[in-house]
Amino acid sequence: MERIARLAVAFPTTVLMAVLAILLLGYISLQQLGVDLFPDLSNPRLFIEVAAGEEPPEEMERRYVTPMEAAAARGRGVERVVSIVQTGRAQVTVQYGWAADMDEAYLDLQKAMADFGQRNDESTITVSQQDPNAVPVIVAAFYHPDSDDPDALRQTAESIIRNELIRLPGVAAVELVGARQMEVEILADALTLEAFGLTVETVAGAVQRANRNLAGGSITEMGRRYVIRGVGEFESVAEIEDVIVGYSKPDASVETRTPSDPNSGEPIRLHQVATVRQALAPATNLVRLDGRRCLGLEIYKEARSNTISSAASIREQLDLLRRTLPGYELIVIQDQSHFVEAAVQEVQETGLAGVLLAVVVLFLFLRRVGVTLVVSLAIPVSVVATFNLMYFGDLTLNLMTLGGLALGAGMLVDNAIVVVESIFRRMEQGDSPAEAAARGTGDVGAAITSSTLTTIIVFLPIIYLHGAAGALFKEQAWTVAFSLVSSLFVALVVIPMLCSRLLTGTRPMASTIGHAPRYAALLAGLLHRRGFVVMAAIILVVGTAGLLPQVGSEFMPRTGNGDLSIELTLPEGTSIERSEGTVRGVEAFVTASFPGIVEHVYARVGPASAEASQERLADENTAVVQLLLSSDVQQVPAALVRRLGDELGDLPDVDSRFLLQETALEASLGRAAAPLIVEIRGRQLETLSELAQHVAARLKEMPGLKGVEMSMEDGRPQVDVVIERTLAAQFGLQVDAVASQLEQLLSGREAGQLGRRGEYSDIVIRRPPMALEELDGLLLESPDGRRVRLDQIAELRPKTAPRAIQRSEQTRIVTVSAHLNSDEPFDRIARDVRADLQTIALPPEYRLAVTGEEQMREEAFGNLRFALLLAVALVYMVMAAQFESLVHPFVILLTIPLAGVGAVALLWSLGMPLNVMSFIGLIMLAGIAVNDSIILVDRINQGRRAGMDLQDAIVEAGRARLRPIFMTSVTTLLALLPLAIGFGEGAALRAPMAVAVIGGLVTSTTLTLVVIPCVYHLFARVDRLSVTRLPETRLS
């Protein structure tokens, strides 16, 4: 190390040019780095979505879901297959390992599902990589204040707005929610058709045959070839009304011939037997803004694109569209980039505040402006050098990487402090600045290299972690490692060069720690009572271990972007119009009650094109009301939630729950809306329903839970048409023919399209709305033309279908979910739930388990415990190689449990449960806390090799290293302090990590100066330290 320092001192211009090059390239790299909220957290999941009309859940499960699950489970790297089935809809989620090649998995799954799509023409099967839970980067509302034409609004949005937005870089999709298109509706009454001897099928066939353009060959004349084209497509509704659908005999008998059987009878035109009109297609979903219907624009960004730049280009394009479309209103409802920008800016400001605090502390310790500036230069040079490594490492600026820089801000000056302090000691002994720079760096070079490596090495297990924790913290680990390597380069190369040129005085370094002699006397006394000191430390560690269960644990602190949403669920089968009526009442109440608090009320009724949850698929009976607070309201007022809860509680048959808008982190981790989920596995839905009701009753009795819901509640009203095959066969009808005619009569029959002004509208034949009691008298047509009443060949059985059938690992499950009602740690509540549910008697082949967030917590904590043990082992190996001893690294490792004492105690005193973030802080402590001990033990070893007595070497090392140990620890602590107490976006996510590190550093620094010297003294008899084994080190 001394040789490196001498080269730096001898070639200052070379070092200066290297630093300038690093700064220049770092600035360029910073401009190229992407900015996002979190690292790429693409959860390795693929989704199979099935749409099949109005098929009941059991039929959907039998025909589609069960065979699809079996085919998907055979895929390479598949870990879990989960499904949810509702009336006419199903979603199969295929979960892969985090190391899986998702492009290959996507192609394999598409091939496996292709066969199902070919065998089931009446269904739509889609395989997608897009997460249905993905959060759009921007949501906007589009309407015209003076127009209520939904079709014109849709045309404008599709042809202008979507086309302009989709071509922007970084935009993946633009979904229109609440769009309604015009269609041509042919209302054909069954009695009228029967009177003319017609059926829906014959009418549809006549309309389709009349609506065609056909190629008619070609004619060649005088060397030119003319293409003959038959033009017959409809151009207006009047042409459709005039279509001949049959012929009647002159004597007006009931016998009717189709248009393909011309005779002398009178033609029957469509307007004689049906009403033809243009109307809006039935709504599948609706969007409302401030009490009026509008169109919702949900804009999604590409997976790896920059959120801030993508949103900026989208907002710029929306401003241009507002000027292009005068009179139209385009209001941004939700913008993820605001949260990202605020969060990133808050981390930057927090990190800068920490750096300034560290610099101020340096000045208070050193009392010299020049020395403070030399040490402080380590921070910007190290940070800018880190940008270079981040760019080449394909990292982005996000909460985790910026948090890594903020966490490392105090540590960046640690090496520089130790080097400068050692250089000054050499200058105080009379060395010239150049000689002092070289020799002082050589004295501590090995120690700071070892301490830097131990800090870096603890992040190696995090890099290799699988699952959510590994994906989340991998970039932070690389960032901290890059910054520490940069700080080591600055300490060994740049600091000696600057000290040799800028520090010319030999005045002793001032210090606010004037009690080094008193500490030396205290340490000498404690060494005589070293057994008592070690025993007290052991008792302290054991007591802290007993305190750990009282701290509690959770998976991840919940974060939101501040907006409040209300999720409304009405009884299954509720029409979208009635659901909209409920939303209208909520809008009126909010507008009248909170005029200065809520700026906009944005509501979505029914399913969106890319929405799903782990409990249910959104349907016409669901709605989400989003309250956008005024800009001067920073937090959701408790009075608002309380009054809304009272108002919604009075609504009959309406389930409501309040949700903070989730961030991309929660969506990517796949967290359910409810943290506690009890999963019951079995075969029979009736048995599962009974068990779920029993479990729900138990959970409702627990004081720490609220909002208990079952996935197996009553579903959509259903009428089973049980066909008597023998009776149907007497009329020449088969089961599939009966089902097909029922679908056409009740749901309508498509009969082509009408093209107008470049757009095509569907032509649909429907019958007027039918009452339920009219169903048994529905007339079916047999192959020989006879009319058959439905009740002649079938029995009608009313029932209630299950709301949803959930499946996991190819087995039916029922879930009971609950929200937390207290600040009690989540693991305690989960433990109480497990203990209570163990008393429930389960039938054979039925199982019960607490899953959801608790399962994610257990998996993450298991991985992190392994990472902590591996980190400790790696730290020991690095130190053993550095000290060429097996005993001294063991002594130093005892600092880690001492650091754990402070971390656990501070978390407990602040009421913060242990979670993934604070666990990462504990892993970091394994590398950070040992740094002070490394410096101290290295100094003791130098004294002993120089021939000093054991106790004298320990006391002298404590006196000499007191100042750098305190300086490095205090600067690190103060740099972390803004992170621990920070407010704003994402602060809840960073605070637990900073709190754990701060608490650990306080106790590790304090106890290192007391406990480690005593432990070293106890183990000195077996360390076999010899002067002849290593070259003698010059010691003051």
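With each pseudo-label sitting 7 Å past Cα toward Cβ, what's the Glu858-Ile539 distance in nm, one decimal?
Here the modelled spin labels are 3.7 nm apart.
Label-point separation (nm) for Arg831 and Ala739, each offset 7 Å from Cα along Cα-to-Cβ?
Distance between label points: 5.3 nm.
Return the lysines within reach of Lys474: Cα separation strictly under 28 angstrom, same-chain partners fewer than 8 residues apart disregarded; answer none if there are no such residues.
Qualifying lysines at Cα under 28 Å: Lys301.
From the C-alpha gyration tensor of the chain, pull out the three semi-axes of the equivalent ellipsoid (sqrt of 5λ each), sorted largest to smallest, in whole Å.
Values: eigenvalues 1044, 207, 120 Å².
Semi-axes from the Cα gyration tensor: 72, 32, 24 Å.
Compute the distance in nm between two label points, each set 7 Å from the Cα along the Cα-to-Cβ direction, one at Leu460 and one at Phe11.
According to this spin-label approximation, the distance is 3.1 nm.
At 25 °C and 0.890 mPa s, grab the translational diffusion coefficient of segment 788-887 from Stokes-Einstein with a Kirkwood Rh over Cα pairs, rounded to a whole number in µm² per second. List each step's numbers first, then the result.
Working: Rh = 19.7 Å.
It diffuses with D of about 125 µm²/s by this estimate.
May I ask for log10 I(q)/I(0) of segment 722-796 at q = 0.12, 0.22, 0.25, 0.27 Å⁻¹, from a Debye sum over the Cα atoms as equal point scatterers with solvent left out?
-0.41, -0.98, -1.17, -1.28
In what sequence do Glu572, Glu701 fall when counting other Cβ within 10 Å, fewest first? List each step's numbers first, then the result.
Values: Glu572 23, Glu701 10.
Final ranking by Cβ density, sparse to dense: Glu701, Glu572.
Please compute the net charge surrounding Ser822, taking Lys and Arg as +1 and Asp and Glu as -1 over other residues with Cβ under 11 Å from its Cβ.
On the way: positive: Lys706, Arg828; negative: Asp823, Glu824.
Local net charge: 0.
What FRET efficiency comes out for the pair Thr1006/Met877, r = Cβ-Cβ distance, R0 = 22 Å, nearest 0.05? Kindly include the intermediate steps, with their values, before the conclusion.
Details: r = 27 Å, r/R0 = 1.23.
Once the sixth-power term is evaluated, E becomes 0.20.
For Lys111, give me every one of the lysines with a C-alpha distance below 16 angstrom, ignoring sequence neighbours fewer than eight places off in its own chain.
Correct list for Lys111: empty, as no lysines qualify.
At q = 0.14 Å⁻¹, what log₁₀ I(q)/I(0) does a Debye calculation on the Cα points of segment 44-130 give, no solvent, two decimals?
One equal scatterer on each Cα of segment 44-130 leads to -0.43.
Per residue, what volume in Å³ does the convex hull of the Cα atoms of segment 9-82 enclose?
On the way: hull volume 13.8 nm³, N = 74.
Enclosed volume per residue, from the Cα hull, is 187 Å³.
Starting at the first residue of segment 194-207, write each ³J(HN,Hα) from the Karplus equation 6.51 cos²θ - 1.76 cosθ + 1.60 with θ = phi - 60°, in whole Hz, x for Gly and Pro.
Going residue by residue, I get 5, 5, 9, x, 10, 10, 4, 5, 5, 5, 4, x, 5, 5 Hz, with x marking Gly and Pro.
Would you kindly state how much longer the chain becomes between Ile219 and Glu599 on full extension, computed as 0.36 nm times their sequence separation minus their alpha carbon distance, in nm to one decimal? All intermediate terms of the calculation are to be shown ahead of the outcome.
Numbers: separation 380, 0.36 × 380 = 136.80 nm, distance 6.84 nm.
Once the chain is fully extended between Ile219 and Glu599, it gains 130.0 nm.
Taking H placed 1.01 Å from N in the peptide plane, check which residues at least 5 places from Leu780 or on another chain put their amide H under 5 Å from its amide H.
Answer set, sorted by chain and number: Val788, Arg789, Leu790.
Can you put Phe142, Phe11 in order of Cβ neighbours within 10 angstrom, beginning with the fewest? Numbers along the way, then the final one.
On the way: Phe142 25, Phe11 13.
Arranged by neighbour count, lowest to highest, Phe142, Phe11 become Phe11, Phe142.
Taking amide hydrogens as modeled 1.01 Å from N in the peptide plane, which residues meet the under 5 Å criterion relative to Ile268, leaving out close sequence neighbours?
Val245, Gly246, Tyr247, Ser248
Work out how much length Asp242 to Asp952 would gain on full extension: take 0.36 nm times their residue separation and subtract the Cα-Cα distance, in nm to one decimal. Walk me through the intermediate numbers first.
On the way: separation 710, 0.36 × 710 = 255.60 nm, distance 11.29 nm.
Difference between extended and current length: 244.3 nm.
If you rank Trp478, Trp908 by fewest surrounding Cβ atoms within 10 Å, what's the result?
Going from least to most buried by this count: Trp908, Trp478.
Can you give the FRET efficiency to the nearest 0.05 for Ala342 and Gln838, using r as the Cβ-Cβ distance and R₀ = 30 Å? Can you show the working numbers first?
Values: r = 46 Å, r/R0 = 1.52.
Here the calculated transfer efficiency is 0.10.
Consider a paramagnetic label point 7 Å from the Cα of Glu79 along Cα→Cβ; state which residues of segment 848-862 have an amide N under 11 Å from it.
Counting only backbone N, you get 856, 859-860.
I need the peptides 342-348, 579-585, 893-899 ranked by packing, meaning the mean over residues of other C-beta atoms within 10 angstrom, with the highest value on top. Intermediate results must be reported in sequence, preceding the final value.
On the way: 342-348: 19.7, 579-585: 18.0, 893-899: 23.0.
For the peptides 342-348, 579-585, 893-899, the packing ranking is 893-899, 342-348, 579-585.
When averaged across all projection directions, what area in nm² does the alpha-carbon convex hull of segment 168-223 cover? Walk me through the numbers before you get to the answer.
Numbers: hull surface 44.0 nm².
If you wrap the Cα atoms of segment 168-223 in a convex hull and average its projections, you get 11.0 nm².
By how many degrees, between 0 and 90 and to the nearest 10, does the Cα long axis of helix 378-392 differ from the longest principal axis of the chain?
That works out to roughly 40 degrees.
Need one word for segment 675-768: rounded, prolate or oblate. Basis is the Cα gyration tensor (sqrt eigenvalues a ≥ b ≥ c); a/c below 1.5 gives rounded, then a/b vs b/c decides.
Since a/c reaches 1.5 but b/c is at least a/b, the shape of segment 675-768 is classed as oblate.
Quick one: compute the contact order of the chain, relative version, from alpha carbon pairs under 8 angstrom and 6+ residues apart, as a percent. Display every interim value, and only then the final one.
Working: 1886 pairs, mean separation 179.7, N = 1036.
Result for the chain is 17 percent.
Can you compute the helix-only [θ] at 222 nm over the chain? Use -39500 (n - 2.57) per DSSP H run of at least 4 residues, normalise by all residues, nearest 500 deg cm²/dmol. Before the final figure, lay out the partial values.
Numbers: 39 runs with 524 residues, N = 1036.
Computed mean residue ellipticity for the chain: -16000 deg cm²/dmol.
Restricting to Cα atoms and excluding each atom paired with itself, what does the Kirkwood estimate give for segment 99-243 in Å? Write down the numbers at each step before the final one.
Details: mean 1/r = 0.0461 Å⁻¹.
Radius from the Kirkwood sum: 21.7 Å.
Fully extended, how many nm does the chain gain between Leu775 and Glu577 (0.36 nm per residue separation, minus their Cα-Cα distance)? If you can, show how the numbers build up before the last one.
Working: separation 198, 0.36 × 198 = 71.28 nm, distance 2.29 nm.
This chain segment gains 69.0 nm when fully extended.
Quick one: which residues, 5+ away or cross-chain, put their amide H under 5 Å from the amide H of Asn398? H built at 1.01 Å from N.
For Asn398, the qualifying residues are Asp36.
Provide the descending list of Cα extents for segment 1-157 along its principal axes, expressed in whole angstroms.
83, 56, 22
Taken together, the values in this text are just the output of simple stated rules run on the coordinates, not laboratory data. A quick note: this is a predicted structure, and the numbers were derived from the prediction, not measured. Counting neighbours? That spans all protein chains shown, and the Cβs are built from the backbone with ideal geometry, glycine included.
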